[in-house]
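Throughout, read-outs are computed from the coordinates displayed, never taken from laboratory work. Just so it is clear, the model here is predicted, and its values are computed rather than measured. Don't worry about glycine lacking a Cβ; one is built from the backbone with ideal geometry, like all the others, and counts go over all protein chains shown.
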Amino acid sequence: MNPHAGAAAPLFMVGHLTVDDIVLPDGTTRMQQIGGAPVFAATGARLAGGRPCVVTALAPSLPTRVREWLAEEEIALLDCGRASRHITQWVLYETTGERTFLHHPASADLYEAAPLAECWHPAGPPAWAHIAPMPVSLQAAWVRALTGAGLSVTLDPHEDCSAEHGDAVLELLPRLTAFMPSEQEAASLFGRADMTAAAAAFVAAGARLCVIKLGAAGCVVATAAGSWRLPSVATSVVDTTGAGDSFCGAFVAALASGHAPETAARYGTAAASYTVQCFGVPSLRGGSPADWSLRLNRIRTAA
């Protein structure tokens, strides 16, 4: 699939693709399910009307059904790695909603299966790219490569790196169009629990725009002009896996379409509320959900 086919420039979602063996609380299993932050982000972008391309490392061991699923969902793939093995993991769910991720013994690690910025060969008009959670050294290389090629770049930091390598994460802010941490990541980087103050601090540190995802509490958005909050509109929560990634994808797609940050955040919140309704990556085959406009209007009314 050619990611540059068609008139509109694609939205690049950079990160790890995974194959997940899911074990639900009742013992039910779902084997070889597609996963990974950029896939959820691509789904969010599709919900918001974008044309996403997942930039990842495509190992020869990747099951054919994974590639077929992405093609059916109208999500392009771009191989930017040298992986000989893919990441495969158990995802164990508890009745409380908590999840445990365990790599299979034969799984690749985060570095072996990582998309590599050195393999990036930009083509076509300047576009937008979202960098999903990865070790900060990998993210930094991608930020330099993508911004150097003229792309607008958003970034969602890795939780472990936010706690252990905060300075390296913060050094990336001046290059970013938007910085998009979770509440936990923002608290690690900011050192305090005031998320409105944290968002403003990240903008002051160089990010043109900051969105902090607050889970069930919605999100806080900050620019140099000020900050504001938007609530969550999720009414049925089955699985929170990938909700933040879907938010990021829809947010970036809306920004790329020319929407203001507050409107883009509405798109992100609506996408997250759609993703949490099922286990795993939701299918959008046949188009966006029928209640998409209703979700956006609900956010507009509640904000």
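Criterion first (in a helix (DSSP H, G or I), at negative phi, charged (D, E, K, R) and surrounded by fewer than 22 Cβ atoms within 10 Å (Cβ to Cβ)) does D239 satisfy it? Here the answer is no, as D239 does not meet what is asked. When the strands (runs of 3 or more DSSP E) confined to region 32-132 are screened for residues that are under 15 Å from the mean Cα position of the chain (by Cα) and among the β-branched types (V, I, T), those reaching at least 3 such residues are found at 52-56.
Among the residues of region 159-188, the ones that are free of Cβ contacts under 8 Å to residues at least 60 places away in the same chain, under 14 Å from A199 (Cβ atoms) and either touching a Leu at 6+ places or on another chain (Cβ under 8 Å) or surrounded by fewer than 19 Cβ atoms within 10 Å (Cβ to Cβ) (or both) come to 6 in all.
Go over the candidates G287, G249 one by one and state the one that is on the phi > 0 side of the Ramachandran plot and either over 17 Å from the mean Cα position of the chain (by Cα) or not in a loop (DSSP other than H, G, I, E, B) (or both).
Working: G249 fails: on the phi > 0 side of the Ramachandran plot.
Being on the phi > 0 side of the Ramachandran plot and either over 17 Å from the mean Cα position of the chain (by Cα) or not in a loop (DSSP other than H, G, I, E, B) (or both) holds for just one of G287, G249, which is G287.
Applying a threshold of 8 Å to beta carbon distances and a minimum spacing of six or more residues, or different chains, the list of pairs starting in region 28-45 at a residue that is touching a residue at least 24 places away in the same chain (Cβ under 8 Å) and more than 16 Å from D156 (Cβ to Cβ) and ending at one that is among the basic types (K, R) and surrounded by fewer than 24 Cβ atoms within 10 Å (Cβ to Cβ) reads Q32/R65.
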